[in-house]
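Q: Here you go, one structure.
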Amino acid sequence: MTHQSTERDAILDTALHLALHRGWHGFSLRELAEARELSLAVLSQHFRSRDDLAEALFDRADQALLSLLPDEQLPLNERLFSAMMAWFDYLSPYRNIVKEMLGYKLEPGHFHLQAHGLTRISRTVQWLLESADWQAAGWRRSAGEVALTGIYLTTMMSFVNDTGDELNTTQTLLHGLLSRSSRLLQD
């Protein structure tokens, strides 16, 4: 790991620590830089905005799902369930922060964040499909991607509002949605 990526990880960890104690909007980028004993110029070399910090957290969740080795013996629905829950489990300690991040992105006037959010959703859905080793092509792939995107977004809304430590509500919803979509999402 390079010094650059080590420092970037440390900055994100510090931002998450501050956010856990004060909320996502409870600290400034200046305070984050000071906590890391960095100038704003150096901080900006790692993160150009608060949204870049949010994206880095979602990148970590993507890495959590990508670290799974799919059990090819399981049906696709179960592989997708495992991949999605790995993503949500990684974010679980930061659930309230994620809710604040998403709320910020969805504020009127934040069109640039919303456009970027669409590419984030698409990227994560692609990683979910790759992680689950789904081999569909053509119209079946397109229809499956649309279905999985809807499942992902619906489950995300449940996740940010799920008050249980075990995410039982989110898990139940996800199982049901994947089961109802099993005809579209077939190997």
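The values are calculated or read from the model by the stated rules, or taken from the named source; none is laboratory data. The model shown is predicted, which means the values in this text are computed figures rather than measured ones. Ideal geometry is used to build each Cβ from the backbone, glycine not excepted, and the neighbour counts take in all protein chains shown. Surface accessibility is based on the protein's heavy atoms, side chains included, excluding ligands, DNA and RNA. Shrake-Rupley method; radii C 1.70, N 1.55, O 1.52, S 1.80 Å.
Q: How many residues are open to solvent by 10 Å² or more (accessible area, probe 1.4 Å) and modelled with pLDDT of 90 or more when one looks only at region 128-137?
A: Summing the residues that are open to solvent by 10 Å² or more (accessible area, probe 1.4 Å) and modelled with pLDDT of 90 or more in region 128-137 gives 2.
Q: Quick one: what pairs do we get from region 81-97, first residue open to solvent by 50 Å² or more (accessible area, probe 1.4 Å), second modelled with pLDDT of 95 or more and charged (D, E, K, R), C-beta under 7 Å, 6+ apart or different chains?
A: Y90/R60
Q: Considering only residues that are part of a helix (DSSP H, G or I) and surrounded by 16 or more Cβ atoms within 10 Å (Cβ to Cβ), which ones fall in region 9-34?
A: The answer is I11, L12, T14, A15, L16, L18, A19, L29, L32, A33.
Q: Right, next: Would you mind stating whether G109 is touching a Lys or Arg at 6+ places or on another chain (Cβ under 9 Å), among the small types (G, A, S) and either open to solvent by less than 60 Å² (accessible area, probe 1.4 Å) or in contact (Cβ under 8 Å) with a residue 24 or more places away in the chain (or both)?
A: Taking the combined requirement at face value, the residue does not satisfy it.
Q: If a residue must be farther than 17 Å from R95 by Cα, within 15 Å of the chain's Cα centre (by Cα) and surrounded by fewer than 19 Cβ atoms within 10 Å (Cβ to Cβ), how many such residues does region 138-187 contain?
A: The qualifying residues number 2.
Q: Same structure, new question: Considering region 58-77 alone, what residues qualify as being in a helix (DSSP H, G or I), over 9 Å from the mean Cα position of the chain (by Cα) and in contact (Cβ under 8 Å) with a residue 40 or more places away in the chain?
A: Residues satisfying the conditions are L65, L66, L76, N77.
Q: Which numbered condition in (1) modelled with pLDDT under 95; (2) of a type in the set (A, V, I, L, M, F, W, C); (3) assigned to a helix (DSSP H, G or I) is the only one that I97 fails?
A: Among (1) modelled with pLDDT under 95; (2) of a type in the set (A, V, I, L, M, F, W, C); (3) assigned to a helix (DSSP H, G or I), the lone unmet condition for I97 is (1).
Matching residues to (1) aromatic (F, W, Y); (2) assigned to a loop (DSSP other than H, G, I, E, B); (3) out of contact with any Ser or Thr (no Cβ under 8 Å at 6 or more places or on another chain); (4) free of Cβ contacts under 8 Å to residues at least 40 places away in the same chain:
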position	(1), (2), (3), (4)
L102	no, no, yes, no
H116	no, no, yes, no
R120	no, no, yes, no
R140	no, no, yes, no
L148	no, no, no, no
M157	no, no, yes, yes
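Q: Within region 39-57, work out how many residues are surrounded by 14 or more Cβ atoms within 10 Å (Cβ to Cβ), assigned to a helix (DSSP H, G or I), touching a helix residue (DSSP H, G or I) at 6+ places or on another chain (Cβ under 6 Å) and not small (G, A, S).
A: Number satisfying all stated conditions: 4.
Q: Also, quick follow-up: Among the numbered criteria (1) modelled with pLDDT of 95 or more; (2) over 19 Å from D62 (Cα atoms); (3) in contact with a helix residue (DSSP H, G or I) (Cβ under 8 Å, 6 or more places away or on another chain), which one does N168 miss?
A: (3)
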